[in-house]
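Right, one structure below, let's go through it.
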Amino acid sequence: MSELGKKVQLDWAKIGFKYHNTDYRFRAKWVNGEWDDGELIESSSITVSEGAPALHYAQQCFEGMKAQTAVDGRVLLFRPSLNAERMHRTAERLLMPPVSDSLFINAVEQAVRANYRWIPPFGSGASLYIRPMLIGVGENLGLRPAEEFEFRVFCSPVGPYYSEGGLGSISLAVSDYDRAAPQGTGSYKAGANYAAGLLATKDAVALGADEALYLDSRERRFIDEAGSANILVLMDNDKLVTPASSAILPSITRRSIMSLAEVDLNLRVEERAIDLREEFQNFAEMAACGTAAVLSPVKKVWFDGQWHPVGQSVKTPVMQTLYDKLVGIQSGILPDYSHWVHSVDL
Ligand code: PLP
Ligand code: COI
């Protein structure tokens, strides 16, 4: 590729988690009952009818992924087939035509390759965030699915999601609002879940927290997840526990970390309901994890009108080790025994 080597000049350490209008995006259209082959386009705008179901009834979903420059210059995706699978599942739940795994992966690869100059260099602490999205377009008024759809993949270079970044610790505030009902759409990556969470995030930030923490909506006892990440808890220094809940997003990062904890760190791993108030005193370490969040230790949690510090000390050695292993594999520093990374042909 002729553009190889030429990078945009950005202060990678300071870019934060913001939108940058990069050079190309991939777009495919579903018209007359099938997906076209799709193509790379330059315009970042989408023109849709005012009757588009994505605008009225939130018939839309999305994914979040990252491409990293490896130590040897390769460009690596992390477990992209799991994003393809999750978008397929969400599309079926929202009555949208699923994008095949091959169209999904091909679209992501094309978008990453075409925006090569925007991929942050190895060691910069930044990465190229990839946002696949599926929206119901066309004209409609009554509550029924769209007849036309657009699948789009755009990219934007990003730094750490939370202000402190890297392994800087964050604080979470238990929300007065519910994120998702047990049989609702919480386990799907539907934009509607996030619209409902905007006020909860605002309230959490007003309390000085980085993010809202949701409890289960049936009993308001058990930890569900944070607004943009799943939760991990180290208990008794030898057990990594993550909430079992039908209302949370099945995080790819969380699944990977649980596997690293079990296989590489010999920790006991459990997926079960975690009663926040009953068990909080047993939390040795706590973290939020996700594509944007990576693995961010939680230093304190707001609930019942006050802040509660996590654990005995501010150090989080187990979360640090898990972070190093995860990021090491994602950036090609550590061996990838489980075949999680996917190298994009340049
Ligand atoms: N939970 C929510 C609500 C999210 O938005 C995300 C981000 O994608 C996650 C969890 C983490 O999922 P993943 O690790 O697949 O990015
Ligand atoms: C991600 O981590 O990829 C997400 O989609 C979360 C989003 C709120 C930035």
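Mind checking which residues of region 186-201 are within 14 Å of ligand 2 (Cβ to nearest atom), over 22 Å from residue 83 (Cβ atoms) and not small (Gly, Ala, Ser)?
Of everything in region 186-201, those that are within 14 Å of ligand 2 (Cβ to nearest atom), over 22 Å from residue 83 (Cβ atoms) and not small (Gly, Ala, Ser) turn out to be 198, 201.
Which residues, taken from region 25-79, are part of a strand (DSSP E or B) and modelled with pLDDT under 95?
31
So for region 66-75 (the condition being surrounded by fewer than 18 Cβ atoms within 10 Å (Cβ to Cβ) and either over 21 Å from residue 128 (Cβ atoms) or among the hydrophobic types (A, V, I, L, M, F, W, C) (or both)), does at least one residue qualify?
Yes, that holds for at least one residue.
When region 178-200 is examined, which residues are found to be under 13 Å from the mean Cα position of the chain (by Cα) and aliphatic (A, V, I, L, M)?
190
Identify the single condition in (1) among the hydrophobic types (A, V, I, L, M, F, W, C); (2) within 14 Å of ligand 1 (Cβ to nearest atom); (3) farther than 18 Å from residue 28 by Cβ that residue 70 does not satisfy, given that it satisfies every other one.
(2) is the only condition that residue 70 fails.
Looking only at region 25-63, count how many residues are surrounded by fewer than 20 Cβ atoms within 10 Å (Cβ to Cβ), under 22 Å from the mean Cα position of the chain (by Cα) and more than 14 Å from residue 136 (Cα to Cα).
So the count comes out to 1.
Among the residues that make up region 112-120, is at least one of them surrounded by fewer than 22 Cβ atoms within 10 Å (Cβ to Cβ) and part of a loop (DSSP other than H, G, I, E, B)?
No, every residue in region 112-120 fails to be surrounded by fewer than 22 Cβ atoms within 10 Å (Cβ to Cβ) and part of a loop (DSSP other than H, G, I, E, B).
Rundown of residues vs (1) in contact (Cβ under 8 Å) with a residue 40 or more places away in the chain; (2) in contact with an Asp or Glu (Cβ under 9 Å, 6 or more places away or on another chain); (3) more than 30 Å from residue 177 (Cβ to Cβ), yes/no style:
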| residue | (1), (2), (3) |
| --- | --- |
| 302 | yes, no, no |
| 305 | no, no, no |
| 310 | no, yes, no |
| 315 | no, yes, yes |
| 318 | yes, yes, yes |
| 321 | yes, yes, yes |
| 325 | yes, yes, yes |
| 332 | yes, yes, yes |
| 339 | no, no, yes |
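Okay, residues lined up against (1) out of contact with any His (no Cβ under 6 Å at 6 or more places or on another chain); (2) surrounded by 21 or more Cβ atoms within 10 Å (Cβ to Cβ); (3) at pLDDT 95 or above:
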{"residue": "127", "(1), (2), (3)": "yes, yes, yes"}
{"residue": "133", "(1), (2), (3)": "yes, no, yes"}
{"residue": "136", "(1), (2), (3)": "yes, yes, yes"}
{"residue": "142", "(1), (2), (3)": "yes, no, yes"}
{"residue": "150", "(1), (2), (3)": "yes, yes, yes"}
{"residue": "153", "(1), (2), (3)": "yes, yes, yes"}
{"residue": "163", "(1), (2), (3)": "yes, no, no"}
{"residue": "172", "(1), (2), (3)": "yes, yes, yes"}
{"residue": "186", "(1), (2), (3)": "yes, yes, yes"}
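Only one of these is in a helix (DSSP H, G or I), under 13 Å from residue 175 (Cα atoms), touching a strand residue (DSSP E or B) at 6+ places or on another chain (Cβ under 6 Å) and among the aliphatic types (A, V, I, L, M): 196, 209, 200, 261. Name it.
So the residue among 196, 209, 200, 261 that is in a helix (DSSP H, G or I), under 13 Å from residue 175 (Cα atoms), touching a strand residue (DSSP E or B) at 6+ places or on another chain (Cβ under 6 Å) and among the aliphatic types (A, V, I, L, M) is 200.
Taking only pairs six or more apart or across chains, which ones have beta-carbon atoms under 8 Å, a first residue in region 75-98 that is under 12 Å from residue 151 (Cα atoms) and touching a residue at least 40 places away in the same chain (Cβ under 8 Å), and a second residue that is among the polar types (S, T, N, Q) and more than 16 Å from ligand 2 (Cβ to nearest atom)?
Hits for this filter: 96/59.
Among 77, 55, which is over 18 Å from residue 250 (Cα atoms), in contact with a His (Cβ under 6 Å, 6 or more places away or on another chain) and among the aliphatic types (A, V, I, L, M)?
77
I'm trying to understand the selection: among the residues of region 188-214, which are buried (at least 21 other Cβ atoms within 10 Å of the Cβ), more than 26 Å from residue 280 (Cβ to Cβ) and among the small types (Gly, Ala, Ser)?
Across region 188-214, the qualifying residue is only 190.
Report, by residue number, each residue of region 285-340 that is among the β-branched types (Val, Ile, Thr), crowded, with 19+ Cβ neighbours inside 10 Å and either part of a strand (DSSP E or B) or over 23 Å from the mean Cα position of the chain (by Cα) (or both).
294, 298, 301, 310
Here are some residues: 230, 266. Which one is among the polar types (S, T, N, Q), under 16 Å from the mean Cα position of the chain (by Cα) and modelled with pLDDT of 95 or more?
Within the list 230, 266, the selection yields 230.
Answer yes if at least one residue in region 241-262 is in contact with a helix residue (DSSP H, G or I) (Cβ under 7 Å, 6 or more places away or on another chain), more than 16 Å from ligand 2 (Cβ to nearest atom) and either free of Cβ contacts under 8 Å to residues at least 24 places away in the same chain or of a type in the set (D, E, K, R) (or both), and no otherwise.
For region 241-262, residues in contact with a helix residue (DSSP H, G or I) (Cβ under 7 Å, 6 or more places away or on another chain), more than 16 Å from ligand 2 (Cβ to nearest atom) and either free of Cβ contacts under 8 Å to residues at least 24 places away in the same chain or of a type in the set (D, E, K, R) (or both): absent.
Could you tell me whether region 145-166 includes any residue that is within 13 Å of residue 293 (Cα to Cα), polar (S, T, N, Q) and within 18 Å of the chain's Cα centre (by Cα)? I'd like the intermediate steps shown before the answer.
Here is the first cut: in region 145-166, the residues within 13 Å of residue 293 (Cα to Cα) are 158-166.
Filter again for polar (S, T, N, Q), leaving 163.
Next, only the ones that are within 18 Å of the chain's Cα centre (by Cα) stay: 163.
Looking through region 145-166, at least one residue is within 13 Å of residue 293 (Cα to Cα), polar (S, T, N, Q) and within 18 Å of the chain's Cα centre (by Cα).
The values are calculated or read from the model by the stated rules, or taken from the named source; none is laboratory data. This one's a predicted model, so the numbers in the text were calculated from it and none came from an experiment. Cβ: placed from backbone, ideal geometry, glycine included. Neighbour counts: every protein chain shown.
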